[in-house]
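Enquirer: Here it is: the structure, laid out below.
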Amino acid sequence: MAMASRQALLCSLAPRCLWLLGVILLMDASARPANHSSAREKAGTREENEILPPDHLNGVKLEMDGHLNKDFHQEVFLGKDTDGFEEDAEPRRSRRKLMVIFSKVDVNTDRRISAKEMQHWIMEKTAEHFQEAIAESKLHFQAVDPDGDGRVSWDEYKVKFLASKGHKEREVAEKIKNNEELKIDEETQEVLENLKDRWYQADKPPSDLLLTEEEFLSFLHPEHSRGMLQFMVREIVRDLDQDGDKQLSLPEFISLPVGTVENQQGQDMDDSWVRDRKKEFEELIDADHNGIVTMAELEDYMDPMNEYNALNEAKQMIAIADENQNHHLEPEEVLKYSEFFTGSKLMDYARNVHEEF
């Protein structure tokens, strides 16, 4: 799908609040040099997170490192409407809020959510995340476009990035201008090289190594561009593909190390992690169920605006809570499985459902 058609579709939905900006600004996207003062580290972290591509993309199934997005179902069910579902929130208020959402999803007001209704809701909530990312990207673009000419060069971005890592901005700019060597630690250099690859990928033909605001959006949020989505898929496959055939088998997909297992609790966590990835691979990613995931299949799976995928997700979400097996969600079921939909367990669901609905 072309960038223009994607944004036309998304802009037809009302723009939402910018809560994602606060989340991104709090994320520690990469390690900071250890030889700077704590005050500078804090300032650098804020600036760095304003210009670095986020590790986590709301409404996208996989993280940039290939891990499953554990919050995906909550992101596409709640959208920006996450307030009121914290663990310490007043249960009665949370139940009412959840039932308000239920009523919005239940378009035909039959007090049941069908797969089609859930699919439409998922697409709408995903569009909210897209709009938030666009608004966030505009702010970040202004931060790295010092001359305001609407285009950012790699050198301009590199200066801002290194300044966020504690280097003196004027000194870095002068050295880059004069082609002088920069003293950069190995870890920062590796991050820069990865970012440069991503920068070139976002630079749409004809390549000029200057990113427009639209291209910069693709740089920060690859889910907005088919080309960048393909680049992200290639990176994930490269990291997981053990035999070099540029596709993923089930063993390859579930072999990403979680950490060192030191006790039974760690083993249980690893077992759960493998079980979740196996289920995702077999039921959603491997579309033709031949035991192999191609780049095309992974790309379709990760495309947040893929309507067919949204329908599959809707069916899976319904199946999780569909206790009476009627292929619909009813108020009692949504309340009982509130932790799956909201991240918060609401007690006394059966006793309160009629009062809250």
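The values are calculated or read from the model by the stated rules, or taken from the named source; none is laboratory data. Here the structure is a predicted model, which means the values were calculated and not measured. Using ideal geometry, Cβ is built from the backbone for each residue, glycine included, and neighbour counts are taken over all protein chains shown. For the accessible areas, the whole protein counts, side chains as well, though only heavy atoms, and no ligand, DNA or RNA atoms are used. Shrake-Rupley method; radii C 1.70, N 1.55, O 1.52, S 1.80 Å.
Enquirer: When the residues of the range 73-96 are narrowed to those that are open to solvent by less than 70 Å² (accessible area, probe 1.4 Å) and without any contact (Cβ under 8 Å) to a residue 24 or more places away in the chain, which ends up nearest to GLU124 (Cα to Cα)?
Expert: Looking at residues that are open to solvent by less than 70 Å² (accessible area, probe 1.4 Å) and without any contact (Cβ under 8 Å) to a residue 24 or more places away in the chain, I get ASP81.
Enquirer: Residues of the range 97-115 being surrounded by fewer than 17 Cβ atoms within 10 Å (Cβ to Cβ) and assigned to a helix (DSSP H, G or I), which ones?
Expert: Those that are surrounded by fewer than 17 Cβ atoms within 10 Å (Cβ to Cβ) and assigned to a helix (DSSP H, G or I): VAL100, SER103, LYS104.
Enquirer: Quick one: SER137 ticks every box in (1) of a type in the set (Gly, Ala, Ser); (2) open to solvent by 20 Å² or more (accessible area, probe 1.4 Å); (3) over 22 Å from LYS315 (Cα atoms) except a single one, so which number is it?
Expert: SER137 satisfies every listed condition except (2).
Enquirer: Of all residues in the range 204-242, which are closer than 24 Å to TYR301 by Cα and in a loop (DSSP other than H, G, I, E, B)? Reasoning before the result, please.
Expert: If we filter the range 204-242 for residues that are closer than 24 Å to TYR301 by Cα, which is where we start, we get 204, 214-242.
Result: LYS204, HIS221, SER225, ASP241, GLN242.
Enquirer: What's the total number of residues in the range 152-208 that are without any contact (Cβ under 8 Å) to a residue 40 or more places away in the chain, among the aliphatic types (A, V, I, L, M) and closer than 30 Å to ARG226 by Cα?
Expert: Number of matching residues: 4.
Enquirer: Could you check the range 116-158 and list, in sequence order, the residues that are of a type in the set (Val, Ile, Thr) and either in a helix (DSSP H, G or I) or within 30 Å of ASP322 (Cβ to Cβ) (or both)?
Expert: ILE122, THR126, ILE134, VAL144, listed by residue number.
Enquirer: Restricting the first residue to the range 331-356 and requiring it to be among the small types (Gly, Ala, Ser), which pairs with a second residue that is at pLDDT 90 or above meet a Cβ separation below 7 Å and a spacing of at least six or different chains?
Expert: Final answer for the pair search is SER338/LEU98; GLY343/GLN74; SER344/SER338; ALA350/GLU332.
Enquirer: Criterion first (in contact with a strand residue (DSSP E or B) (Cβ under 7 Å, 6 or more places away or on another chain) and open to solvent by 20 Å² or more (accessible area, probe 1.4 Å)) does ARG151 satisfy it?
Expert: Judged against the criteria, ARG151 is a match.
Per-residue answers, yes or no, for (1) open to solvent by 70 Å² or more (accessible area, probe 1.4 Å); (2) within 22 Å of the chain's Cα centre (by Cα); (3) under 30 Å from PRO91 (Cα atoms):
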residue	(1), (2), (3)
ASP270	no, no, no
ASP276	no, yes, yes
LEU284	no, yes, no
TYR301	no, yes, no
MET305	no, yes, no
ASN309	no, yes, no
MET317	no, yes, yes
GLN325	yes, no, yes
GLY343	no, yes, yes
